[in-house]
Amino acid sequence: MQIKKIKIKNFRGYSNEISIDAHDFIAIIGHNDAGKSTILEALDIFFNDGKGLIKLDKDDINRNCHNNGDNDIVLSICFDHLPESILLDDTHTTSLKEEYLLNESEELEICKVFKNASTTASSLKIYIRALHPTNEECSKLLTTKQNNLTALIDKYAIVCENKRVNNLMRKKIWAYFNEKGTLNLASSPIEVNAKDGDIKDIWQKIQGYLPHYALFQSDRKNTDSDNEVQDPLKEAVKVILKNEELQAKLDFVAQKVREQLQQVSDLTLQKLKEMNPNIASSLHPRMPATSDLKWSEVFKGFSIAGDEDIPINKRGSGVKRMILLNFFRAEAERLSKENRKCGIIYAIEEPETSQHNRHQNLLIDSLKQLSTNDGVQIFITTHSPSIVKRLEFSNLILVRDDSEIRDVVAVEKKSLPYPSINEVNYLAFQELSVEYHNEMYGYLQALAIDEDPANEKEKGFEEWLTNHGCIKNKNWIKIVQGVAKPSYPVTLPTYVRNCIHHPENKENVVYSEMEISQSIELLRSIITQK
């Protein structure tokens, strides 16, 4: 399973629901404190129910929502690449589609509601939002006991070859109402923790297919007691232990230990009974369920260290980043070879941290390659224009924070009628790059030449710019054969352009940061009008 869409509501800076389309690789860009890391941390809360790396508390409730009486944080994810079938028991299978557990887009949409930002079992509500039957007679079959399913089969004289198989009876009942045209499909929330019916068992099976989510924060601490993300091998242990074959072997070991402990316990109580029957009768062995055993604790000493046994978290930050990168590559290769049924998501805050430009390029190229492996998704946040320039528009998600309302949009063209990474960097980071200025100036000059070939010359293009709202408020001194000529008036865009293209001309004062900003806005305004 892979993430297709992310929805966040009433979480920190996001009051209204935002919706983010996910791909194999997405880079979230925007200002500082715009809400980029919030998205990655919301995913950690979703996958770990607020008890993982990121802990949920009441301060995570959006202030505006809280003031309006809404204290429910809602996190939803739509998944695709779904399992074709789900094994309910040793002999019976079903599918999400057959159980009407897919939404209108045929995706599995899981919604988690944290009431009052609490992670207690009573406060966390988990739903599957699906295009589900709403006819009262057949809308709650997933939470209906077997005897009630049988009663429905008999009530409508539905032919069913086996009334002891719940999912078979559900299919027959739904097929009956479907033939009558009264199934009445509509988007509905289906609570997965219902006590009756098969929905709880189906949900447990679904959880086994959910991708593993690993969040690597840019500002994590540097001590031996850090959470598991500090050392990649600790993260690898968690992933490896999810392997079904390995889990079956560990369950076998646990059962053998349980049986022998039971024998020891029984013998102990038997001997105690000979001495004091009253005490013996008040005692009983208490053993944790196999699913509660923390196998990862057995391997917590595993790590990667240097020649002098210096652990990773004592090395330089740049070295740690490079080790993590190669862990990602090795882990993705291992997972693809194992053909795991669940995918893996690497969420990385600011992967450019502590890396010089060459390493940034190597890093982003490696992460892009990782994302092409089956079952692997890469989500990053970044402030690096050089990283953005190495990505495609489909990879980019822009977080905007306007008038205290935050939203998230796919990066598309704004002024230029074609994809421009320079424009993205300007919108996301206010990067006043000469490349962006050149790009727009050249584009407009091409338009002007199409209108009149004479506009290829500076004089003609200057006239074209003034006709489109620019004024000649700068003076330019041209150098001809080493001799400075008298200054003449030019528009600000042409002045900036000439400074960029003629750095050898020392007769003119180089444009200021404010001037290139004003020039870029002038050019953007003209392009928008066109």
Checklist entry - If you count, for each residue, the other Cβ atoms within 10 Å and average over each peptide, how do 363-369, 455-461 line up from highest to lowest? => result 363-369, 455-461
Item to check | Segment GLU259-SER517, extension gain: residue separation times 0.36 nm, minus the distance between their alpha carbons | outcome: 85.4 nm
Checklist entry - Within the chain, what percent of beta bridges assigned by DSSP are antiparallel, to the nearest 5? => result 75 percent
Checklist outcome for this item: So for the stretch 92-229, using the alpha carbon gyration tensor with a ≥ b ≥ c as root eigenvalues (a/c under 1.5 gives rounded; past that, a/b versus b/c decides prolate or oblate), I'd call it prolate
Checklist entry - Can you give me the Cα centroid spacing of the stretch 448-471 and the stretch 152-218 in angstrom? => result 67 Å
Item to check | Identified option (computed Cα Rg over 2.2 N^0.38 Å; candidates (i) 1.31; (ii) 1.22; (iii) 1.02) | outcome: (i)
Checklist entry - lysines within cross-link reach of LYS249: Cα-Cα under 22 Å, excluding same-chain residues under 8 positions apart? => result LYS205, LYS234, LYS238, LYS294, LYS300, LYS337, LYS341
Checklist outcome for this item: Taking placed amide H atoms and a strict 5 Å upper bound, the residues 5 or more places from LYS145 or on another chain that come that close are GLY197
Checklist entry - For labels at ILE405 and GLN207 in the simple 7 Å Cα→Cβ model, what's the distance in nm? => result 3.9 nm
Next on the checklist: Helix 357-370 against the longest principal axis of the chain: what's the angle in degrees, Cα atoms only, rounded to the nearest 10?
Outcome noted: 40 degrees
Checklist entry - Label-point separation (nm) for THR119 and LYS140, each offset 7 Å from Cα along Cα-to-Cβ? => result 3.2 nm
Checklist entry - What aspartates and glutamates could a cross-link reach from LYS163, if we take a straight Cα to Cα line under 20 Å and drop same-chain neighbours fewer than 8 places away? => result ASP89, ASP90, GLU98, GLU99, GLU137, ASP154, ASP196, ASP198, ASP201
Checklist entry - For ASN278 and PHE393 in the same chain, what is the full-extension length gain: residue separation times 0.36 nm, less their Cα-Cα distance, in nm? => result 33.9 nm
Checklist entry - What 222 nm value per residue comes from the helices of the chain, counting each DSSP H run with n ≥ 4 as -39,500 (n - 2.57) and dividing by all residues, nearest 500 deg cm²/dmol? => result -12000 deg cm²/dmol
Checklist outcome for this item: Long-range amide H partners of ALA22, meaning residues 5 or more apart or on another chain whose placed amide H is closer than 5 Å, are LYS5, ILE6
Item to check | Paramagnetic reach from ALA289 in the stretch 107-138 [backbone N under 16 Å; point 7 Å along Cα→Cβ] | outcome: 121-122
Item to check | Distance between modelled label sites at ASN467 and VAL510, nm, 7 Å Cα→Cβ extension | outcome: 3.5 nm
Item to check | Accessible area of the chain divided out per residue, in Å², using a probe of 1.4 angstrom | outcome: 53 Å²
Item to check | Apportionment of accessible area to carbon and sulfur, the stretch 404-530, percent (1.4 Å) | outcome: 52 percent
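The values are calculated or read from the model by the stated rules, or taken from the named source; none is laboratory data. The model shown is predicted, which means the values in this text are computed figures rather than measured ones. So basically every Cβ, Gly included, is an ideal-geometry build from the backbone, and we count neighbours across all protein chains shown. Areas reflect the complete protein model, heavy atoms only, side chains present, ligands, DNA and RNA absent. Shrake-Rupley method; radii C 1.70, N 1.55, O 1.52, S 1.80 Å.
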